[in-house]
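*Asks:* Input: one structure, supplied below.
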Amino acid sequence: MKNRKLLMIPGPIEFTPEVLGAMGLPTTSHVAPNFINVCGEALELMRQVFLSPTGQPFIMAGSGTLAMDMAAANLIEEGDGVLVVNTGYFSDRFAKIAQRYGAKVTEVRASVVGDVPSADDVEKALKSGSFKIMTLTHVDTSTAVCVDIKKLAHIARSYGVLSVVDGVCSVAGEELRQDEWGVDIALTASQKAIGVPPGLALVMASPKAMEAFRNRTSPVRNFYADWNEWLPIMKAYEERRPSYFGTPAVNLVWALNVSLKQIGEEGMEKRVARHKRISRAFKDAMRALGLKQVPLSDEKSATTLSGVYYPDGTDSSLLKHIGDAGVIVAGGLHPQIKDKYFRVGHMGAVNGSDILSTIGAIETALVKSNYKFDKGRGLQAAAAILE
Ligand code: PMP
């Protein structure tokens, strides 16, 4: 009998056997010719996933927060204006990071949790101040809302403002066309939809972002994240030359190479469509069970995860019951509603049977919690989408 539980949190996620196999390969030197090739290839493949043929990729040992830190450290100088489009916990984090580098931060927020600021509100804010950067959280993992990057990045560019997209919970799952949409920085972490165990921070910078970095007049206030150090390293790997600044996470880069190739084999359009289908199956199932979701509408919902309120008469003990039924899901994160909802990640290699198992475990847990509903209704609703 398999005694492992299915991991359905919004990262880390379930990884493919091939990716996990790469983690167990003998570790090479970071300047071994085969590793140089693997890292060089991974950098090239990142452009295909971010849909950014003109972008400058960075691969660093660290988590998603380092990717955010790197973007802020290299672009912000003392006194720069930063507009934070705030959709939850991780947008708050970007505001704090920007402040740490001396930015004057202005925030535009939705009035209620589960909503996103309107394009008009964002434009009004851009008009009313002087900004160098606008940060956006593509999918805020605390609320499961998704913002319209295409529209908002376009507005930012029309005001000459650089758009920095936290795509930690979106890249390789949600649609994100970095070059076509004029996104200046897109960043992510390995443990989410890109499908590699935790430990890599991934950043893609547009030519405009690199130009803004080159035009700095003050030093980068972060030693480890300084592009002056990392740019020559990334260029060397792409040119298949040995180089060193900080030791790369060799096995993780190997695993990233495998995952990026698997993503390429599936193709970005098909991958995005699969995420949409699985997400719809899950969300329809929750509705069929009478469970309310955090995002106010489907258009504002992520496809990489769902945020679901505990139904009346139940509470966070539901999480334990879902776990006892073999599936791990996550509790709440947004401070205003933390104890009222749970989160389910459905990204990366996720398939139809994973989502049916998850819905089955939720139904089992609801029965244990004495919630009254028609058993099997959620599974039926999901199966209708997955057929
Ligand atoms: N941004 C978003 C949208 C996230 O979901 C996360 C992680 N859940 C982060 C940033 C921070 O990433 P990490 O935990 O890898 O530092």
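*Asks:* Report in % the part of the accessible area of the chain that belongs to carbon and sulfur, leaving out ligands and nucleic acids; probe 1.4 Å.
*Replies:* On the way: 8320 of 16000 Å².
Using a 1.4 Å probe with all protein chains present, the chain comes out at 52 percent carbon and sulfur.
*Asks:* Here is a further query. Dividing the alpha-carbon radius of gyration of the stretch 206-263 by 2.2 N^0.38 Å (N being the number of residues), what value is obtained?
*Replies:* Working it through for the stretch 206-263, the quotient is 1.36.
*Asks:* Can you tell me the orientation of helix 377-386 relative to the chain, as the angle in degrees between its alpha-carbon axis and the longest Cα principal axis, to the nearest 10?
*Replies:* Result, in degrees: 50.
*Asks:* Looking only at Thr304, Thr54, Thr137, which one moves most when the chain is put into a Gaussian network model with springs between Cα atoms under 10 Å?
*Replies:* Judging by the Gaussian network model, the answer is Thr54.
*Asks:* Spin-label point model (7 Å from Cα, Cβ direction): what's the Lys368 to Asn34 distance in nm?
*Replies:* 4.5 nm
*Asks:* On to the next question. On a 1.4 Å probe surface of the protein chains, which of Phe223, Phe35, Phe90 comes out largest in accessible area, and what is the full order?
*Replies:* Phe223, Phe90, Phe35
*Asks:* About its Cα centre, how strong a charge dipole does the stretch 261-339 have in debye, to the nearest 20, once Lys and Arg get +1 and Asp and Glu get -1 at the Cβ? Before the final figure, lay out each step's value.
*Replies:* Values: 13 positive and 10 negative charges, 60 e Å.
Rounded to the nearest 20 debye, it is 280 debye.
*Asks:* Taking springs between alpha-carbon atoms closer than 10 angstrom, which of Phe373, Phe50, Phe58 fluctuates most in the Gaussian network model of the chain?
*Replies:* Maximum fluctuation in the GNM of the chain, among the listed residues, is at Phe373.
*Asks:* Going by amide H atoms built from the backbone, whose H comes under 5 Å of the H on Gly332, apart from near neighbours?
*Replies:* Counting only residues 5 or more places away or on other chains, the set is Tyr341.
*Asks:* Pulled fully out, how much extra length does the chain show between Asn3 and Glu44, if you take 0.36 nm times their separation in residues and subtract their Cα-Cα distance? Intermediate values should be presented prior to the final figure.
*Replies:* Numbers: separation 41, 0.36 × 41 = 14.76 nm, distance 3.83 nm.
Between Asn3 and Glu44, full extension yields 10.9 nm more.
*Asks:* Then there's this: From the phi of every residue in the stretch 119-134, what ³J(HN,Hα) in whole Hz does the Karplus formula 6.51 cos²θ - 1.76 cosθ + 1.60 yield, where θ is phi - 60° and glycine or proline is x?
*Replies:* 4, 5, 5, 5, 5, 4, 5, 4, 5, 8, x, 10, 10, 9, 9, 10
*Asks:* Another question, then. Just how many % of Cα pairs in the stretch 18-265 lie over 34 Å apart, if you round to the nearest whole percent?
*Replies:* Working: 4149 of 30628 pairs.
Summing the P(r) of the stretch 18-265 above 34 Å gives 14 percent of all pairs.
*Asks:* Please list 3J(HN,Hα) in residue order for the stretch 26-36, calculated via the Karplus relation 6.51 cos²θ - 1.76 cosθ + 1.60 where θ = phi - 60°; whole Hz, with x for glycine and proline.
*Replies:* x, 6, 9, 5, 6, 10, 5, x, 5, 5, 4
*Asks:* What is the gain in length, in nm to one decimal, between Arg377 and Ser118 on full extension, counting 0.36 nm per residue of separation less the C-alpha to C-alpha distance? Walk me through the numbers on the way to the answer.
*Replies:* Values: separation 259, 0.36 × 259 = 93.24 nm, distance 3.48 nm.
Computed gain between Arg377 and Ser118 is 89.8 nm.
*Asks:* Oh, and also: Would you check the accessible area of Tyr309, probe 1.4 Å, heavy atoms only, in square angstrom rounded to 10?
*Replies:* Counting only protein heavy atoms, Tyr309 exposes about 40 Å² to solvent.
*Asks:* Now for a different question. Over the chain, what is the percentage of antiparallel beta bridges among all DSSP beta bridges, to the nearest 5? Could you put the intermediate results ahead of the total?
*Replies:* Numbers: 22 of 42 bridges.
Here the antiparallel bridges make up roughly 50 percent for the chain.
*Asks:* Using a 1.4 angstrom probe with every protein chain in place, what is the largest-first accessible-area order of Arg47, Arg109? Let's see the in-between values first.
*Replies:* Details: Arg47 50, Arg109 130 Å².
I get Arg109, Arg47, largest accessible area first.
*Asks:* Here's another thing I want to ask about it. Kindly express, to the nearest 10 degrees and within the range 0 to 90, the angle between helix 149-158's C-alpha long axis and the longest C-alpha principal axis of the chain.
*Replies:* Between helix and principal axis, roughly 30 degrees.
*Asks:* Moving on to the next point. Any chance you could look up the accessible area of Lys270 with a 1.4 Å probe, heavy atoms only, rounded to 10 Å²?
*Replies:* 140 Å²
*Asks:* Please give the solvent-accessible surface of His334 in Å², to the nearest 10, using a probe radius of 1.4 Å with every protein chain present.
*Replies:* 20 Å²
*Asks:* For the stretch 35-96 and the stretch 300-363, what is the separation of their Cα centres, given in Å?
*Replies:* Spelled out, the Cα-based centre of one part sits 28 Å from the other.
*Asks:* Now for a separate question. Of all alpha-carbon pairs in the stretch 229-387, indicate the percentage at a distance above 22 angstrom. If you can, show how the numbers build up before the last one.
*Replies:* Numbers: 6415 of 12561 pairs.
In whole percent, the share of Cα-Cα pairs in the stretch 229-387 beyond 22 Å is 51.
*Asks:* Follow-up. For the stretch 145-248, what class follows from the C-alpha gyration tensor (a ≥ b ≥ c being the square roots of its eigenvalues): rounded when a/c is under 1.5, otherwise prolate if a/b is larger than b/c, else oblate? Can you show the working numbers first?
*Replies:* Details: a/c = 2.07, a/b = 1.24, b/c = 1.67.
Judged from the Cα gyration tensor, the stretch 145-248 comes out oblate (a/c at least 1.5, b/c at or above a/b).
*Asks:* Nearest 500 deg cm²/dmol is fine: what mean residue ellipticity at 222 nm does the chain get from its DSSP H runs of n ≥ 4 alone, each adding -39,500 (n - 2.57), divided by its residue count? Let's see the in-between values first.
*Replies:* Details: 14 runs with 165 residues, N = 387.
Mean residue ellipticity, 222 nm, calculated: -13000 deg cm²/dmol.
*Asks:* Can you give the charge dipole size of the stretch 18-265 about its Cα centre, rounded to the nearest 20 debye, using +1 on the beta carbon of Lys and Arg and -1 on the beta carbon of Asp and Glu? Spell out each step's value before the answer.
*Replies:* Values: 22 positive and 27 negative charges, 84 e Å.
In total the dipole reaches around 400 debye.
*Asks:* Let me check against my output: what whole-number percent is the relative contact order of the chain, with C-alpha pairs under 8 Å and at least 6 apart? If you can, show how the numbers build up before the last one.
*Replies:* Numbers: 821 pairs, mean separation 93.0, N = 387.
Rounded, it is 24 percent for the chain.
*Asks:* Per residue, how big is the convex hull around the C-alpha atoms of the stretch 260-333? Give it to me in cubic angstrom, could you?
*Replies:* So the per-residue hull volume is 127 Å³.
*Asks:* If you don't mind, there's one more thing I want to ask. Using a 1.4 Å probe and counting only protein heavy atoms, arrange Arg343, Arg93 so the residue with the most accessible area comes first.
*Replies:* Values: Arg343 25, Arg93 70 Å².
Largest accessible area first, the list is Arg93, Arg343.
*Asks:* Any of Lys104/Lys338; Lys96/Lys292; Lys283/Lys372 with alpha carbons more than 25 Å apart? Name them for me.
*Replies:* Working: Lys104/Lys338 29 Å; Lys96/Lys292 31 Å; Lys283/Lys372 19 Å.
Among Lys104/Lys338; Lys96/Lys292; Lys283/Lys372, the Cα-Cα distance tops 25 Å for Lys104/Lys338; Lys96/Lys292.
*Asks:* Between the helical axis of 64-75 and the dominant principal axis of the chain, each derived from Cα atoms, what acute angle in degrees is found, rounded to the nearest 10?
*Replies:* 30 degrees
The values are calculated or read from the model by the stated rules, or taken from the named source; none is laboratory data. Predicted model only: the values in this text are computed from it and were never measured. Every residue, glycine as well, gets a Cβ built from its backbone with ideal geometry; the counts of neighbours run over all protein chains shown. Side chains included, ligands, DNA and RNA excluded: accessible areas come from the protein's heavy atoms. Shrake-Rupley method; radii C 1.70, N 1.55, O 1.52, S 1.80 Å.
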